[in-house]
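The values are calculated or read from the model by the stated rules, or taken from the named source; none is laboratory data. Being a predicted model, the structure only gives us computed values, none of them experimental. Note that we place each Cβ from the backbone using ideal geometry, even for glycine, and neighbour counts take in every protein chain shown. Areas reflect the complete protein model, heavy atoms only, side chains present, ligands, DNA and RNA absent. Shrake-Rupley method; radii C 1.70, N 1.55, O 1.52, S 1.80 Å.
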Amino acid sequence: MSEIVGIDLGTTNSLIGVMDSGFPILIADRDGSRLTPSVVYLPENGDPVVGAPADRMRALMPERTLYSVKRLIGRRPGESEKEDFPFAVRSVNGRMLLEIGDQLLKPEEVSSLLLKKLKADAETSLGHSVDRAVISVPAYFNDLQRQATKSAGELAGFTIERIINEPTAAALAYGLDRLRDRSKIAVYDLGGGTFDISILELNEGVFRVLSTNGNTRLGGDDIDRELVRLLKERIIGRYPELRPELDDRLFFARIREIAHAAKLRLSTEDVVQVEIPFLSGNRSFSYALTRMELEAIARPIIRRTRSHCLRSLDDAKLDPVKLDEVILVGGVTRMPIVRQFCAEVFQRLPNITQNPDEAVAAGATIQAGILSGEVQNVVLLDVTPLSLGIETFGGLMNVIIPRNTTIPCKAGEMFTNAVANQTAMQIVVLQGERELAKDNWELGRFNLEFEPVPKGIARVGVQFEIDADGILHVLARDTRAGREKVVELSSAVDVSDEAVEKMIAESLDHAFEDMSERVWAEAVLKSNELVPAVRSALTLVGDQINSEDQRKIDVLVSEVEAALKSHDSQRLKKANAELDEGTQHLATLLIDRAMNEAARRKK
Amino acid sequence: MIDYFALLGVERRPAITEEILKGAYFRKSESLQSDPSESGERFAVNAAFRIIANPATRIQHLLTLEFGEPGGGQIGADLGELFGSIVKVLQSADHQLGSLAAQSSPILRALEYQRLEGLRPQLEQVEKELSQRESGLLAELVRLDQRWLENTARTRRPLAQMALDLTFVQKWLSQVRERIIRLEELA
Ligand SMILES: Nc1ncnc2c1ncn2[C@@H]1O[C@H](COP(=O)(O)OP(=O)(O)O)[C@@H](O)[C@H]1O
Ligand SMILES: [Mg+2]
């Protein structure tokens, strides 16, 4: 039996490791680096470039340099807000595809290029071929995202022995030295594109996940995006004439790179001089960015992790004081503000002994060692993060396997024919926590077939089984005929999405013609609510913002007032939107104030 | 019908300490992990733990094994009354949280959030009441466990009642807690 490698296929960085005499060893590539940036550059002619050299192409060839592809894997178009990538993402037949020149690529194909590079590195280092792997995924990945990751591995030539959840892997890496311990730990993992929180119980070699929660679209990328926005604003403040140029993709990529570098430094420094030489012509831009400014934009993003932490504690039926340790993983947890935040939510100082870049890969490698028998006396009991159910009459979700059920698990449902001689019924399979079917992920649908018999006589059992990878299998058994078969789920979206999008766009165009009066009335209504609200916010927390920001808000308010007199609904809508955006910080301060007050009252 | 008590190797009775249950479950999982041919049994072992770990489902399973059915009935009158007040709080919470979620302006939302502060103590109050009920029921379970050992048949009805009450209390608790978290989330 050949060895199994462990892989952390990250949004930002990827790593590969192998067990060596009972310890996980991460493998370095030719350049001596264990961290491979998850970036792929596809030149017009020639082979794909992967990792650090591709990363260097990001600002030069933004349209051909793919990064953060993990945010797209296993996703369907329209699931949430559009991402602002400098490369083209298109929806075709219900899938998100990357369009580079005349090529269309699935996200898993791009990921497989990364995996191939890691595989080659491992083979060079070990001196023989490797073809079995454990790959980690965010704990909160749904079934489709897990399946897509698995197929990325298969495309790269691996047999995927197990999909492991990232925070669980990090816990394995942490717990390997503490195998005789009994303790409850929380793993807080904030990476480039995903956030996961898992609560585990270590019990003499048994790693049992009590609960898991998270968000597959929350991470350092969001902080970068907001920082780019802030820098753009500052640039426009200095050079208003540059406004149109700033929307250029090349330009976006350049600022993004500079913003990112500044962000990293602000984790250890208080001020960073942001320099953009030759911004346009010979105009240069220089700005002293403070950690305080960065924290002001990062705070609302980090605060979004709070409810996930609370839910996972609640699901684990655990008070934070019962935790023995909070472990931080993921590059973003290097930010001091994240550490403070965790200290506050969990009421203890977090443990930062895990290398935030390497813990997940080390854990995936340990899991590989468990599967190959090299690591003994370790038992891993993980859970499924999301409830699984089916759609019932009235469009509700009927839960069949609740979230945080230990995997592998299975559950069945019995179905019968509602009318005589009915030969089939459609079953829609859902994943998620919302009450309405349409608010959950649709994993697919299938036709359940009956023998033609009188009403209520047919008996077909459907078994839903979630395997140790967290992947769903469905089996149908006709108990009268004694037949059994594995059911294939078909993707729900088969109409071309572009057709749908076009339809929506067209109907909106027409709607607007009749509705211009209504648009105006709604915008006025909003202004009339917004302007007094801003004023009252200023009296409450206005002393906490600097005079420049005060003045800017004043300008935005005057523009709303001017627009109100113009009877130009587009102008008013724009003015409202700008006032919304310009007062985001003010809103954050208000909420901080409300929270502080609530906390004080509790004491 | 699988006997999950037997499967895990724990005594068949209403109350089982977490310590004993986990010990049994972990030993079982460990023996299965080293034997890949037993992978099918892992489903059953996980299901067994899930059912036995929750007192409500454990009692229902126990009664089904002993008497062929879990027994049913109606929730107690005092719980019914409590339920009325919980529904009111939940409805008002959903209404307020809904209008907060629909608010797209950050500043309007922040002001509305401040106004929502009255909701939190209300939710916390019912949460506290329900938690007390839950602890009360669990204490009662220990007494019933003793009675069960003395006289199984006579303990059947009160146990069935308890399982039912517990199921409802747990369900409401999770609904109330979900609202408290939603309130945090919308901040
Ligand atoms: N010193 C730092 N300060 C702030 N953010 C950091 C720092 N180092 C890395 N990051 C951020 O962490 C994210 C990458 O974290 P990582 O755990 O490697 O991600 P992933 O698991 O998504 O590959 C990026 O958004 C990166 O900007
Ligand atoms: Mg990661």
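Structure above, values below:
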{"read-out": "Exposure rank, largest accessible area first [A:LYS184, A:LYS317; 1.4 Å]", "value": "A:LYS317, A:LYS184"}
{"read-out": "Residue pairs, from the table A:LYS150/B:LYS171; A:LYS232/A:LYS263; A:LYS184/A:LYS263; A:LYS119/B:LYS28; B:LYS128/B:LYS171; A:LYS552/A:LYS573, whose Cα atoms sit over 24 Å apart", "value": "A:LYS150/B:LYS171; A:LYS184/A:LYS263; A:LYS119/B:LYS28"}
{"read-out": "Surrounding net charge for A:PRO86, when Lys and Arg each add one and Asp and Glu each subtract one, Cβ distance under 9 Å", "value": "+1"}
{"read-out": "Ellipticity estimate at 222 nm from DSSP helix runs (n ≥ 4, -39,500 (n - 2.57)) divided over chain B, nearest 500", "value": "-27500 deg cm²/dmol"}
{"read-out": "Loop sites in the range A:330-421: trypsin sites (Lys or Arg not before Pro), DSSP, at most 16 other Cβ within 10 Å", "value": "A:ARG348"}
{"read-out": "Averaged over B:109-117, number of beta-carbon atoms from partner chains that fall within 10 Å", "value": "6"}
{"read-out": "Estimated dipole of the range A:220-300 in Debye, rounded to 20 [Cβ of Lys and Arg +1, of Asp and Glu -1, Cα centre]", "value": "120 debye"}
{"read-out": "Charge sum, other residues only, whose C-beta stays under 10 Å from A:LYS232's C-beta, Lys/Arg counted +1 and Asp/Glu -1", "value": "+1"}
{"read-out": "Restricting the range A:1-84 to GluC sites (Glu not before Pro) in coil, as DSSP defines it, with at most 13 other Cβ within 10 Å", "value": "A:GLU44, A:GLU79, A:GLU81"}
{"read-out": "P(r) histogram, all alpha-carbon pairs of the protein assembly as shown included - 10 Å bins from 0, percent", "value": "2, 11, 20, 25, 21, 13, 6, 1, 0, 0"}
{"read-out": "Cβ-defined net charge surrounding A:ALA563, 12 Å radius [Lys, Arg +1; Asp, Glu -1]", "value": "+1"}
{"read-out": "5 angstrom amide H check on A:SER14, placed H, neighbours 5+ away", "value": "A:THR36, A:SER38"}
{"read-out": "Computed accessible area, A:VAL321, all protein chains, 1.4 angstrom probe, square angstrom", "value": "90 Å²"}
{"read-out": "Residues with amide H under 5 Å from that of A:VAL487, placed H, sequence gap 5 or more", "value": "A:VAL474, A:LEU475, A:ALA476"}
{"read-out": "Inter-chain shielding of B:21-27 (mean C-beta neighbours from other protein chains, 10 Å cut-off)", "value": "3"}
{"read-out": "Burial order of peptide ranges A:577-586, A:430-439, B:54-63, B:12-21 (average beta-carbon count within 10 Å, highest first)", "value": "B:54-63, A:577-586, A:430-439, B:12-21"}
{"read-out": "Alpha-carbon centroid distance for the pair the range A:530-544 / the range A:7-24, whole angstrom", "value": "51 Å"}
{"read-out": "Amide proton proximity set for A:ASP20, modelled H, under 5 Å, gap of 5+", "value": "A:ILE25"}
{"read-out": "Farthest toward positive dipole pole in the protein assembly as shown [+1 Lys/Arg, -1 Asp/Glu at C-beta], among A:PHE393, A:SER38, A:HIS308", "value": "A:HIS308"}
{"read-out": "Averaged over B:43-51, number of beta-carbon atoms from partner chains that fall within 10 Å", "value": "4"}
